[in-house]
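Trainee: The structure's right below; bear with me while I get my questions together.
The values are calculated or read from the model by the stated rules, or taken from the named source; none is laboratory data. As the structure is a computational prediction, the values presented were derived from the model and not from experiment. When we count neighbours, we look across all protein chains shown, and the Cβ atoms used for this are built from the backbone with ideal geometry, even at glycine.
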Amino acid sequence: MRMDCDEAAEHIDAHAIGALDVDERRALEAHLSRCHSCAQLAAAARDEGTALALAVPLVAARASLKPRILASASILRDVREPRARRWWPAAAAALVVISIGALAWGSVAQKRVNDVSAERASVSAAATAQAGELTDLHGRLVSVSSLLSDAQREAQTKDAAVNLVSQRGVSSTELVGTYMAPSAYGRYYWDPSARAGALFVDDLPPLPANKVYQLWLVYERQWVPGPTVSVDATGHGYALVRTIGATKLSAGRLTGYAVTVEPQPGVTQQTGGMVLVQFQ
Amino acid sequence: MDYTALQDSELMDRLCGRDLAAFEALYDRYGDLVYSVALRVVGDTYVAEDVTQDVFIRVWRKPQRFDEQRGKFVTWLLSVARNRSIDERRSQSRRMRHEALPPTTDEEDVLPSNDERDDPGLATVLSDDRAAVREALEVLPHEQKLAIHLAYFGGLTQQEIANKLGQPLGTVKTRIRLGMQKMRGALATRRAEGHS
């Protein structure tokens, strides 16, 4: 659909209040990008449309909203802005996606392992051929071996987490973001037969180097420390909760889960604020 | 420094420098207005709070998105608030598998609201501008007000409004166009008379 000025004039008011369908809006906006006079009319109409918001009954927000917003801004001031990615719309299909994605993730991790293995083999061959560079090459070999070990561990952990999710009888619970990370999301999977769990998180902001996210199992009278959770640049991360032994009876009933910000490399007593919570 | 004395554009300039006190001043100035718009659209206090937080955090994260050349800050802020609220309303509708509906279509709940429904403590917030808009809406026939209300606060397209009201699409389009023209004329008359 291509609009002329007369047609655009008929659509500008509806556009100002968001009443056009997709095709009409695209056609109008295409015209506005070419026609300065219509664009000026549209801008004026948009201001008038927005003025409608001034007619709503004024209601005071709860007093608790302001400190919550200021705290979020304060935290975000010191971290790099993560790339927004919403997991929630896919949460219902997460199990299927994760199961299908396990192969992709495993192959990506395996590819990293293969790449690093290939590089290590190359470095070893060069060291044999050139004795004069043996010291430097040896240093590289140690570094690459370390990377290989990290990659292998990461691949194994991720495979284990994905495998847990795919088991029969696995239950899950959703963790929601607090004011410290309002768009964050988490899901904790629990395999009662293996007495193990897996946590997947999304949209957590990056932390300074001396801080780490840590999972907690929250009992009535005790917070039991879980593993730390590393997140990538997009705020996505996961952690595997290994076999959990019987908790002291004095701890009471399990009431929920929480992810907090703690000093590296994790702590035994919770000290930091909560970014993700789920309380039953 | 007395941030309450600064203009919106000055506060936004300070936001670009990550001035949290300037951000707080903007929230104090417009927080309840944004919340009120969100509440009007989503109809739930907790969701409205989340939307309000999201709107202000977006302003905090990307203050450079406000272009003073294109209009007033409050106009831009309310546009962000309305659009975010509509997005949330549509997400709620998809999750609940219900048709997207405004809180009500009862005549008495279609704008404008009168001053008696305002929180008494907020009576001075943009009082002149709000009075102008309310007066402008008063001159509209109910059918035009309803169509505009369903579009702006309900997020419905003209076709959806026509389906909902059982009216021809052309009728809805005409009502919206004429209603907006009347409102524009009433606002212009008020400005010419020097009331705002």
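Trainee: Mind checking which helices (runs of 4 or more DSSP H) fall wholly inside the range B:1-72 and carry at least 3 residues that are among the aromatic types (Phe, Trp, Tyr) and buried (at least 22 other Cβ atoms within 10 Å of the Cβ)?
Mentor: Numbers: elements: B:8-16, B:20-42, B:45-61.
Filter on the range B:1-72 gives B:20-42.
Trainee: Let me ask something else. Among the residues in the range A:24-39, are any in contact with a helix residue (DSSP H, G or I) (Cβ under 9 Å, 6 or more places away or on another chain) and facing chain B (nearest Cβ under 7 Å)?
Mentor: From the range A:24-39, those in contact with a helix residue (DSSP H, G or I) (Cβ under 9 Å, 6 or more places away or on another chain) are A:24-25, A:27-29, A:31-33, A:35, A:37-39; that's our starting set.
Narrowing the set further to residues that are facing chain B (nearest Cβ under 7 Å) leaves none.
For the range A:24-39, residues in contact with a helix residue (DSSP H, G or I) (Cβ under 9 Å, 6 or more places away or on another chain) and facing chain B (nearest Cβ under 7 Å): absent.
Trainee: Also: Return yes or no: is A:LEU70 assigned to a helix (DSSP H, G or I) and surrounded by fewer than 21 Cβ atoms within 10 Å (Cβ to Cβ)?
Mentor: Details: assigned to a helix (DSSP H, G or I): yes; surrounded by fewer than 21 Cβ atoms within 10 Å (Cβ to Cβ): yes.
Criteria met by A:LEU70.
Trainee: Just for the range A:1-23: of the residues that are in a loop (DSSP other than H, G, I, E, B) and surrounded by 16 or more Cβ atoms within 10 Å (Cβ to Cβ), which one is farthest from the chain's Cα centre (by Cα)? Explain how you work it out, then say what you get.
Mentor: In the first step, residues of the range A:1-23 are kept if they are in a loop (DSSP other than H, G, I, E, B); the result is A:1-4, A:17-21.
Restricting the remaining residues to those that are surrounded by 16 or more Cβ atoms within 10 Å (Cβ to Cβ) gives A:3, A:17-20.
Working: A:MET3: 42, A:ILE17: 33, A:GLY18: 31, A:ALA19: 34, A:LEU20: 34 Å.
By that ranking, first place goes to A:MET3.
Trainee: When residues of the range A:200-236 are filtered for being of a type in the set (A, V, I, L, M) and within 16 Å of A:LEU76 (Cβ to Cβ), how many remain? Spell out how you get there, then give the answer.
Mentor: Narrowing the range A:200-236 to residues of a type in the set (A, V, I, L, M): A:201, A:204, A:207, A:209, A:212, A:215, A:217-218, A:224, A:229, A:231, A:233.
Cutting the leftovers down to within 16 Å of A:LEU76 (Cβ to Cβ) gives us A:204, A:207, A:231, A:233.
The total comes to 4.
Trainee: How many of the residues making up the range B:1-44 are within 27 Å of A:GLY49 (Cβ to Cβ), within 12 Å of chain A (Cβ to nearest Cβ) and among the acidic types (Asp, Glu)?
Mentor: Selection size over the range B:1-44: 2.
Trainee: Give the residue, chosen from B:LEU165, B:LEU178, B:LEU122, B:LEU169, that is under 19 Å from the mean Cα position of the chain (by Cα) and either at pLDDT 85 or above or at the interface with chain A (Cβ under 7 Å from one of its Cβ atoms) (or both). Step through it out loud before you land on a result.
Mentor: Details: B:LEU165 fails: under 19 Å from the mean Cα position of the chain (by Cα); B:LEU178 fails: under 19 Å from the mean Cα position of the chain (by Cα); B:LEU169 fails: under 19 Å from the mean Cα position of the chain (by Cα).
Sole residue among the options that is under 19 Å from the mean Cα position of the chain (by Cα) and either at pLDDT 85 or above or at the interface with chain A (Cβ under 7 Å from one of its Cβ atoms) (or both): B:LEU122.
Trainee: Still on this structure: Sort out which residues of the range A:48-65 are surrounded by 19 or more Cβ atoms within 10 Å (Cβ to Cβ) and either among the hydroxyl-bearing types (Ser, Thr, Tyr) or part of a helix (DSSP H, G or I) (or both), and write them in order of number.
Mentor: A:GLU48, A:GLY49, A:THR50, A:ALA51, A:LEU52, A:ALA53, A:LEU54, A:ALA55, A:LEU65
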